[in-house]
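Comments concern the structure below.
The values are calculated or read from the model by the stated rules, or taken from the named source; none is laboratory data. Everything numeric in this text was worked out from a predicted model, so none of it was measured. Reconstructed Cβ throughout: ideal geometry from the backbone, glycine too, with neighbour counts over all protein chains shown. Side chains are part of the model used for accessible areas, which takes the heavy atoms of the whole protein and leaves out ligands, DNA and RNA. Shrake-Rupley method; radii C 1.70, N 1.55, O 1.52, S 1.80 Å.
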Amino acid sequence: MPRPPDRRTLGELKAAVGDGSWLDSPADVAPYLSDFRRLYHGAAALVLLPRNVAEVAEILRICNRDEVAVVPHGGNTSYCGGATPDEAGTEVVLALRRLNRVRQIDAVDYSMVIEAGCTLAEAQAAARGAERLFPLSLGSEGTAQIGGNLSTNAGGTAVLRYGMMRDLVLGLEVVLADGRIFEGLKSLRKDNTGYDVKSLFVGAEGTLGVITAACLKLFPAAADTATALVGIGSPQDALDLLARLRTAAGDQVTSFELMPRLGVELTVQHVPGVADPLSQNTPWYLLIELTSPNPRQDLLTLLTATLEEAAARGTVVDAMLATSTAQAQAMWKLRESVPEAQRRHGASLKHDVSVPVSAIPKLIEQGAALVRRLAPEGDVISYGHAGDGNLHFNVSQRPGSEIKSFLARGPALELAMFDLVESLGGSISAEHGIGRLKAAEFARRADPVELSLMHALKRTLDPKGIMNPGKVLCVP
């Protein structure tokens, strides 16, 4: 088990990064001690800001020798407390923001090597500079860092076409708990030499090692885009339209985002500059985007024709197609502002879950029934990535209700929601990870054999238990 660092250990850690690269005053350390949602407020013995992989390796060598716990820290956008130290004040925070170089871009190979401290927006910009696309897209992309995206296996709005972060990785550079460096920055698409070691660290949330750099897949940049905001009557109509779109456009369907009317109304109410362009009073909205690297694809005509056919069959009630970049951006602002609108509206009970796409209507219907029974002070705002089965099944506090009473409903509702999700063949964590928030529920619900394998990997790669303790895996 990890131990508090003594004065000698702290001195060696400071020397490992040099003056100007460590923090220990309360004011300087404070930004690293609370998670994005303010669910956890920890303490730390020291915050370290290494500049390169060698310094990360020396930090972990020292901490492993002296059994000092290390909490890797990125952009601090975790919804599950995955990068927050505990309250004991004995852990060391390892912040990666200074490892922020784009080491290499190979446009011919459609790959780039980028360090963990680069923000997702910086990675996207680097790809654009080489006339390529890095397709991961998140609402927090200006702050979220590549290391965190990898450590949580981030999802976002383009998973339908490009997959999760795991699907975008070709190679990794990782510092292990004992300070050894796994130098796996290959760009090969085919490599059948033994186990796929890099995959162990994607989604591990820093519990097995510290990702310091990655070789990532790039794609052709979009030369033709068609975007539409669509009004529909039900989630089942959404699935019917998705099937029609995939038949017509195949993998050119890049995003397929579902929003309830209440979510749209709250966004228009609370977020300046957001408007609802549809005139019909439909209960559900879809934001659809098709993209192609072929400038002569004429996706707008294809999307228009598909929506017209769906309207003739009664699946689509209303629609607006973007005829300019500004219109498309306004539609995306409407979708991406839903979380902000919920924060401004009041307290929320959040559930990041996934089910098979075909089960989305059941999840929404049966989940709403659970809310009516277990959290009647709240309104359901179930929105998100319907194309890949991931919904953010959130419950917003109704105006006038008492916040403590509302929040007290959370634990019982969460258990019931997780039971429902499992009954539908789904997952209790779709794209936000496990972190500290869901570790106990994960331990209770995971397949025993799978959980045993995870603990065995943890003991093998981190025998002293110094890597981000308390996250993902509960101590058995």
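Scanning the range 172-210 for residues that are closer than 27 Å to K438 by Cα, part of a strand (DSSP E or B) and open to solvent by 10 Å² or more (accessible area, probe 1.4 Å) yields a count of 1. Residues of the range 428-445 that are open to solvent by 40 Å² or more (accessible area, probe 1.4 Å) and touching a strand residue (DSSP E or B) at 6+ places or on another chain (Cβ under 9 Å): H432 alone. If the condition is being touching a residue at least 24 places away in the same chain (Cβ under 8 Å) and either surrounded by 15 or more Cβ atoms within 10 Å (Cβ to Cβ) or in a helix (DSSP H, G or I) (or both), then the range 25-42 contributes V29, P31, Y32, L33, S34, D35, F36, R37, L39, Y40, G42. Within the range 105-156, the residues that satisfy the criterion of being within 22 Å of V353 (Cβ to Cβ), open to solvent by 10 Å² or more (accessible area, probe 1.4 Å) and in a helix (DSSP H, G or I) are G148, S151. All conditions in (1) of a type outside the set (D, E, K, R); (2) within 24 Å of the chain's Cα centre (by Cα); (3) surrounded by fewer than 22 Cβ atoms within 10 Å (Cβ to Cβ) hold for S382, with the sole exception of (3).
Would you confirm whether or not the range 84-94 contains a residue that is of a type in the set (S, T, Y), surrounded by 17 or more Cβ atoms within 10 Å (Cβ to Cβ), more than 18 Å from G206 (Cα to Cα) and in contact (Cβ under 8 Å) with a residue 24 or more places away in the chain? No: the range 84-94 contains no residue that is of a type in the set (S, T, Y), surrounded by 17 or more Cβ atoms within 10 Å (Cβ to Cβ), more than 18 Å from G206 (Cα to Cα) and in contact (Cβ under 8 Å) with a residue 24 or more places away in the chain.
For (1) touching a residue at least 60 places away in the same chain (Cβ under 8 Å); (2) under 25 Å from E257 (Cβ atoms); (3) outside any loop (DSSP other than H, G, I, E, B), each residue gets a yes or a no:
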{"residue": "P361", "(1), (2), (3)": "yes, yes, yes"}
{"residue": "A369", "(1), (2), (3)": "no, yes, yes"}
{"residue": "R373", "(1), (2), (3)": "no, no, yes"}
{"residue": "F393", "(1), (2), (3)": "no, yes, yes"}
{"residue": "G400", "(1), (2), (3)": "no, no, no"}
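Whenever a residue of the range 44-68 is closer than 17 Å to E115 by Cα and in contact (Cβ under 8 Å) with a residue 60 or more places away in the chain, its partners that are in a loop (DSSP other than H, G, I, E, B) and not basic (K, R), lying with C-beta atoms within less than 7 angstrom and at least six residues away or across chains, give the pairs V56/P50; A57/G179.
Please indicate, with yes or no, whether at least one residue in the range 339-346 is open to solvent by less than 10 Å² (accessible area, probe 1.4 Å), of a type in the set (A, V, I, L, M, F, W, C) and either out of contact with any Pro (no Cβ under 9 Å at 6 or more places or on another chain) or within 19 Å of L266 (Cβ to Cβ) (or both). Yes.
Do you know which of the residues in the range 244-273 that are under 24 Å from the mean Cα position of the chain (by Cα) and either among the small types (G, A, S) or in a loop (DSSP other than H, G, I, E, B) (or both) is surrounded by the fewest Cβ atoms within 10 Å (Cβ to Cβ)? Within the range 244-273, the match that is surrounded by the fewest Cβ atoms within 10 Å (Cβ to Cβ) is V271. Residues in the range 274-310 that are open to solvent by 60 Å² or more (accessible area, probe 1.4 Å), more than 30 Å from P399 (Cα to Cα) and touching a residue at least 40 places away in the same chain (Cβ under 8 Å): P293, P295, R296, Q297, D298, L300, E309.
Output the residue which, of all residues in the range 446-476 that are open to solvent by 30 Å² or more (accessible area, probe 1.4 Å) and polar (S, T, N, Q), is nearest to E422 (Cα to Cα). Per the criteria, the residue is S452. The residues of the range 1-24 that are assigned to a loop (DSSP other than H, G, I, E, B) and either within 16 Å of A69 (Cα to Cα) or open to solvent by 40 Å² or more (accessible area, probe 1.4 Å) (or both), listed by number, are M1, P2, R3, P4, P5, D6, D19, G20, D24. Figure legend. Inter-residue proximity from the range 143-169: first residues farther than 18 Å from S427 by Cα, second residues aromatic (F, W, Y) and open to solvent by 20 Å² or more (accessible area, probe 1.4 Å), beta-carbon distance below 8 Å, spacing 6+ or different chains. Indicated pairs: Y162/F219; L168/Y162.
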